[in-house]
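**Student:** Attaching a single structure in structure tokens format; questions to follow.
Bear in mind these aren't lab numbers, they're just calculated from the coordinates by the rules spelled out. What you see is a predicted model; the values in this text were computed from it and never measured. Neighbour counts are summed over all protein chains in view; Cβ atoms, including those assigned to glycine, are modelled from backbone coordinates with ideal geometry.
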Amino acid sequence: MIHTPHIDWFSISTILVLLGGSFVALLSAVLVPAAWRRVVSSAVAAAAATGGIVTSVWLYVDSASGHSVIAGSFYRDRWTALAQVILCATTLATVLVGSEQIREHEAEFFALILASAAGMTFFVGAANLMTMFLSLEWFSIALYILCAIEYGREGSLEAGLKYLIVGSFGSAALLFGSALVYGATNRIGFAEIAQAVAAHGLSGDALLVLGLAMIIAGLAFKSSSAPFHMWTPDVYQGAPTTVTAFMSSATKVAAFALMLRVLRTAFPQETHLWSWAFAGIAVASLVIGNFAALVQRDVKRLLAYSSISHAGFILIGVSAGTALGGRAVMYYLIPYSAMAFGSFAVVAARERELGARVTLDNLAGFGWERPFLGVALWFFMFGFAGLPLGGGFVGKFYVFAAAYEHGWTWLVIVGVLATLVSLYYYLGVMRAIYMRPTAELAVTGGSPPRDALLHVAVGAALVVSVGSLFAVSPMITLARHAASALPF
Amino acid sequence: MTVSSLTSVLIWLPIAGAIAIWVLPLSRYATGSLAVLISLVEVGIWIEQAARFDFARSGLQFSEKTPWIKDLHVSYHVGEYGFSLWLVGLTVVAMTACIGYGFWVGRDRPRAYFGLMLLLTGATVGVFVAQDLLLFYAFFEAMLIPLYVLIGVWGGAGRLGATVKLLIYTMAGSLVMLAAIVVYGLKVGTFDLVSAPVSTSRWLFLGFMLAFAIKAPLFPFHGWLPDAYREAPPEVTAVLSGVIAKAGTYGMLRIALTQFPDSAGYYRTVILALGAAALVYGSLLAFRAPDFRGVVAYSSMAQSGLITIGLFSGTNLGYDGAVLQMVAHGLVSTSLFLIAGAVERRTTTGEFAFLGGMAKGRPALATLLMTVGIISLAVPGSAAFAGEFLILAGAYQLHWWWAVIGASGIVLAAMYMLRLISAVLHQARGPRVADEALDMRPGELALIVPLVAALLVLSAWPAGISHHSFAGDDATTAVTEQFR
């Protein structure tokens, strides 16, 4: 008889809720008549995402003392729970936007979004190399399909294929790295790896370091950090904009939340190595992301490079490797994911209105035509640039503080210079939506489509990004409790 | 609500008003009226504060403190000293005139416009009352956001280039300041300006000074100035030079000199030289400028240089004079830019080549421009004279040659200002000056005359500011004791 471990069902309730929603949504593709399919599947998806928020908030409240569950394969702690809250909120926003933007394969779309979200919520709590890799593949495969879901469109299929190939390369690197680490330590649990390294004096062992390097590379692929970013602009541009919005916010949250966890839990002895590695990746992301964004005309590509540069800012916090850094990363992710999601959602609205790719040229006059979305984009762009119009400002301040506390004033200076460069292209978007005359645009005619739910989602993103400027202390408290689950 | 929260009301009332204007579907007329009303309430609140202010007492007044980012010891800490009270007063008065001007000329897209002007009011007041470094930085940056849109949307033909220059220049300075703030705050363990100890770090001082020197601006950091001042709508230029540039010199007084006394002493000569360069070079450029706004723009740079000399002379007279001059010049340049706007509306140009002879048949315009011009060239008895005299006397105590350079600046001021007056009002009638061009309308007079009246009051009683800026009228002690 096979010995089965005790299962703490509540700890994985968020994942189960999302997964259950995914199954129901998928079934509705077959069982529900076409006329009702959109309504039913989106309602199921929204309910599942809301349920996910509820269970993960509950888990946050109920998991003050973090521990691993299910034979040490999953962490039930506040770090997991807080990341899950952000992920589920992003999922809910994606569902809202998607219910209006996605015109075909709606049920499949919602099923895949939920499946991917379930994978991510599992990923952030992964406690050993096996669950880490499995959940990574789980959400990645769903995302590959989502990128290509509008396969009638040239760019979408290309994006899906590109993401599949490059993403598989990243997954392979992660898997190979995990194998090497297992080879070096004979353990797969994160905490056990650290114990084995300490017990056998393996710190600096060639196999272990090589494995760590490959794990870092794999995670850097997923978080689209330079120099592992080359898929990002093409995939973000080609994928349906709703999916891009989801990827740019949720995938980043998942990747960074897990990144800090695995590094702090499994490789605390190698901190000096991965600190430098991430500092290097951060600098590369800041340089490449910001300078490449300067010359973009396509708004989705521009935002893609902007997301690479923000990966750089977040990595400044990761590379500090301190409790302050952990808090900084968790805090940064909250307004960042709201702003990233919101700005892509606004682009989606414009894209649908024009029926064409959104460039800086055809964005002209948008701010005056759609005042609410224009103001929202205004807040997101200035927030991205680190001006005090939202939590992006405090987030930057926090990661800089973490870098300084770590003794890396030079990294603060690099970050400051990168912010200065970034200003130019964020202002370019502002210029396009408010300061260019609308006349330059050949309007196709007709009134803009009504995007009531999209407005709700953008409004929520706006509230989160602005609210996180004023309610810094409560959010930091949340982030501190979350970060206290990690061994700093 | 206690009296202390008046400071917070001054910051957040216009911001709340801005949001209300954006949200409520009001008509053009209602929007403008609401904005003017809110700015008048601001003036009223400020008068209430000034009446309750205890000028003899040292330390912060009307202060409020709540934690903002607890674990890094950042707080929402606002309050006023004597000199900040005057700068806040300058802000609310000048902003009222400028919002009124925007209403009077009927700016397009009124809801966006008036909302942004109110946002600018709140942020600027915030700069002058923030007593926490990060909060100060947040307001310092927040000023740029509405400014950028105001210039970029309602500005002249070259506005896009002007906004990029303005933002890149000022953000370059501000971001260096942000790095300095992070380092300084974490090193001493608090971001609170009132309780933070002094620092001896030269680098941090330079980080702060760079931001302030760009904002003021001092030579050679004035690259953004001509474009921004020429392309912005006149009332925005008025705010920019009259009020926002003062944030630079205010920062020097409140942060650079106070928290870094050692470095301020070390770099004193360099900064005095930059101030002197701004004064002389700015005056020369003003003398050569071919248009109304160019003259006033470069004269603002010259005045910033003079104020810097006063501050960095490190003497009682220098500090008193600098504060007086900040307010006096703020009023002068706001009035001058509004008059420039009035002239441009009548002639579609500010170029001297097309202007001239406007005094004939336009007594109100001529009287206003003459009055403000005469005050601004520091005729004895004027507010600007009192300010400049104090600054020069303070600089003389340091060394006589600073006073000589300063005095040469005053001579140059007379040259460029008289040239401006004669080019606009006198000489032969310019080709763009039509007979039909009206005199100042009652609406315009209602906006500019109060500013001039305030200047005349200050001229009659400059001690109202110069003796009421620092506790016990002893500026040096107040600065060295960090306004505790």
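**Student:** Please order B:Ser408, A:Ser468 by the number of other Cβ within 10 Å, starting at the fewest.
**Tutor:** Details: B:Ser408 14, A:Ser468 26.
Going from least to most buried by this count: B:Ser408, A:Ser468.
**Student:** Could you tell me the calculated FRET efficiency between B:Ala407 and B:Asp439, based on Cβ-Cβ distance and R0 = 45 angstrom, to the nearest 0.05? Before the final figure, lay out each step's value.
**Tutor:** Details: r = 37 Å, r/R0 = 0.82.
Efficiency, from the Cβ-Cβ distance: 0.75.
**Student:** Using helices alone, I'd like the mean residue ellipticity at 222 nm for chain B: each DSSP H run of four-plus residues gives -39500 (n - 2.57), total over residue count, nearest 500. The partial results should precede the final answer.
**Tutor:** Working: 21 runs with 337 residues, N = 484.
Calculated at 222 nm, the ellipticity per residue is -23000 deg cm²/dmol.
**Student:** Can I ask one more? Grab the DSSP H runs of chain A that are 4 residues or longer, score each as -39,500 (n - 2.57), total them, divide by all residues and round the 222 nm result to the nearest 500 deg cm²/dmol. Walk me through the intermediate numbers first.
**Tutor:** Values: 20 runs with 361 residues, N = 488.
Dividing the helical sum by the residues of chain A leaves -25000 deg cm²/dmol.
**Student:** Would you please give the residues with an amide H less than 5 Å from that of B:Trp68, counting only those at least 5 places away or on a separate chain, with H modeled from the backbone geometry?
**Tutor:** B:Val74, B:Ser75, B:Tyr76
**Student:** Tell me, what ³J(HN,Hα) does each residue in segment B:473-478 have, in order and in whole Hz, if you take phi through Karplus 6.51 cos²θ - 1.76 cosθ + 1.60 with θ = phi - 60° and put x for Gly and Pro?
**Tutor:** 6, 10, 5, 4, 5, 4
**Student:** Cross-link candidates for B:Lys65: which aspartates and glutamates have Cα within less than 18 Å, leaving aside residues fewer than 8 places away along the same chain?
**Tutor:** Candidates past the 8-residue exclusion: B:Glu80, B:Asp132, B:Asp192.
**Student:** Provide the FRET efficiency to the nearest 0.05 for the A:Glu154-B:Ala157 pair, computing r from the beta carbons and using R0 = 45 Å. Could the numbers behind the result be given before it?
**Tutor:** Details: r = 40 Å, r/R0 = 0.90.
It comes to 0.65.
**Student:** Counting other beta carbons within 10 Å of each Cβ, put A:Lys162, A:Lys396 in order, fewest first.
**Tutor:** Numbers: A:Lys162 19, A:Lys396 28.
Final ranking by Cβ density, sparse to dense: A:Lys162, A:Lys396.
**Student:** In vacuo Debye scattering of segment B:224-381, one point per C-alpha: log10 I(q)/I(0) at q = 0.16, 0.18 Å⁻¹?
**Tutor:** So the normalised log intensities work out to -0.89, -1.07.
**Student:** Please compute, over every Cα-Cα pair in segment B:49-95, the percentage with a separation greater than 14 angstrom. Write down the numbers at each step before the final one.
**Tutor:** Numbers: 624 of 1081 pairs.
Percentage above 14 Å: 58.
**Student:** Now for a separate question. Place +1 on the Cβ of every Lys and Arg and -1 on the Cβ of every Asp and Glu in chain A, take the dipole about the Cα centre, and give the residue among A:Leu112, A:Gln84, A:Ala194 whose Cα lies farthest towards its positive end.
**Tutor:** A:Gln84
**Student:** Can you tally the net charge around A:Leu129? Count Lys and Arg as +1, Asp and Glu as -1, for every other residue whose Cβ sits under 14 Å from the Cβ of A:Leu129.
**Tutor:** On the way: positive: A:Arg187, A:Arg261; negative: A:Glu137, A:Glu192.
My count for the surroundings of A:Leu129 gives 0.
**Student:** Moving on. If you look at just the Cα atoms of chain B, how large are its Rg and its Dmax in Å?
**Tutor:** Expressed in Å, the Cα Rg and Dmax of chain B come to 21.0, 68.
**Student:** Once you charge only the Cβ atoms, +1 for Lys and Arg and -1 for Asp and Glu, what is the size of the charge dipole of segment A:262-358 about its Cα centre, to the nearest 20 debye?
**Tutor:** Details: 8 positive and 4 negative charges, 42 e Å.
Charge dipole, segment A:262-358, about its Cα centre: 200 debye, nearest 20.
**Student:** Explain nothing, just the number: relative contact order of segment A:352-488, from Cα pairs under 8 Å at least 6 residues apart, as a whole percent.
**Tutor:** Values: 114 pairs, mean separation 51.8, N = 137.
With pairs under 8 Å counted, the relative contact order is 38 percent.
**Student:** Among B:Val270, A:Val30, what is the fewest-to-most ranking by other Cβ atoms within 10 Å? All intermediate terms of the calculation are to be shown ahead of the outcome.
**Tutor:** Numbers: B:Val270 12, A:Val30 8.
Listing B:Val270, A:Val30 from fewest to most nearby Cβ atoms yields A:Val30, B:Val270.
**Student:** Counting Lys and Arg as +1 and Asp and Glu as -1, each charge on the Cβ, what is the dipole of the protein assembly as shown about the Cα centre in debye, to the nearest 20? Let's see the in-between values first.
**Tutor:** Values: 53 positive and 49 negative charges, 163 e Å.
So the magnitude is around 780 debye.
**Student:** Could I ask something else about it? Based on the alpha carbon coordinates of segment B:338-403, what radius of gyration and maximum Cα-Cα distance (Dmax) apply, in Å?
**Tutor:** Here Rg and the maximum Cα pair distance are 16.9, 49 Å.
**Student:** Sticking with this one: Determine ³J(HN,Hα), in whole Hz, for all residues of segment A:134-147 in sequence, where each value follows from phi through the Karplus function 6.51 cos²θ - 1.76 cosθ + 1.60 and θ = phi - 60°; x replaces Gly and Pro.
**Tutor:** 4, 6, 4, 5, 4, 6, 5, 5, 4, 5, 4, 5, 4, 4
**Student:** Short version: what are the Cα gyration tensor semi-axes of chain A, square root of 5 times each eigenvalue, largest first, in whole Å? Walk me through the numbers before you get to the answer.
**Tutor:** Details: eigenvalues 236, 142, 78 Å².
Over the Cα atoms of chain A, the ellipsoid semi-axes are 34, 27, 20 Å.
**Student:** Moving on to the next point. What is the set of long-range amide H partners of B:Asp291 at a cut-off below 5 Å, with H atoms built 1.01 Å from backbone N?
**Tutor:** For B:Asp291, whose amide H was placed from the backbone, the distant partners under 5 Å are B:Phe352.
**Student:** Continuing with this model, one more query. Do you know the relative contact order of chain A, to the nearest whole percent, from alpha carbon pairs under 8 angstrom that are 6+ apart?
**Tutor:** Numbers: 897 pairs, mean separation 74.0, N = 488.
Dividing the mean separation by the residue count of chain A yields 15 percent.
**Student:** Calculate, in whole percent, how much of the Cα-Cα pair population of segment A:1-147 lies beyond 24 Å.
**Tutor:** Details: 3372 of 10731 pairs.
In whole percent, the share of Cα-Cα pairs in segment A:1-147 beyond 24 Å is 31.
**Student:** Calculate one ³J(HN,Hα) per residue across segment B:151-157 by plugging θ = phi - 60° into the Karplus curve 6.51 cos²θ - 1.76 cosθ + 1.60, and present them in order as whole Hz with x for glycine and proline.
**Tutor:** 6, x, 9, 9, x, x, 5
**Student:** Which one of B:Ala342, B:Ala437, B:Phe312 has its Cα pushed farthest toward the positive end of the charge dipole of segment B:268-468, where Lys and Arg give +1 and Asp and Glu give -1 at the Cβ?
**Tutor:** B:Ala437
**Student:** Would you please give the residues with an amide H less than 5 Å from that of B:Asp132, counting only those at least 5 places away or on a separate chain, with H modeled from the backbone geometry?
**Tutor:** The answer is B:His77, B:Leu193.
**Student:** Treating the beta-carbon of each Lys and Arg as +1 and of each Asp and Glu as -1, no other charges, what is the dipole magnitude of chain A about its Cα centre, to the nearest 20 debye? Working shown, then result.
**Tutor:** On the way: 25 positive and 23 negative charges, 101 e Å.
Rounded to the nearest 20 debye, it is 480 debye.
**Student:** Another question, if that's okay. Could you tally the net charge around A:Gly289, taking each other residue with its Cβ under 14 Å from the Cβ of A:Gly289, Lys/Arg +1 and Asp/Glu -1? Walk me through the numbers before you get to the answer.
**Tutor:** Numbers: positive: A:Lys252, A:Arg301; negative: none.
Result for the neighbourhood of A:Gly289: +2.
**Student:** I need two numbers for the protein assembly as shown: Rg to one decimal and Dmax as a whole number, Cα atoms only, in Å.
**Tutor:** 30.2, 110
**Student:** Residues with beta-carbon under 14 Å from that of A:His229, excluding A:His229: net charge, scoring Lys, Arg +1 and Asp, Glu -1? All intermediate terms of the calculation are to be shown ahead of the outcome.
**Tutor:** On the way: positive: A:Lys162, A:Lys222, A:Lys252, A:Arg301; negative: A:Asp234.
Local charge sum for A:His229: +3.
**Student:** Over chain B, calculate the relative contact order: mean separation of alpha carbon pairs under 8 Å at least 6 apart, over the residue count, as a percent. Walk me through the intermediate numbers first.
**Tutor:** Values: 880 pairs, mean separation 81.7, N = 484.
About 17 percent, as a whole number.
**Student:** In whole angstrom, and with the biggest value first, how far do the Cα coordinates of segment B:268-468 range along each principal axis?
**Tutor:** Principal axes ranked by extent give 54, 32, 20 Å for the Cα atoms.
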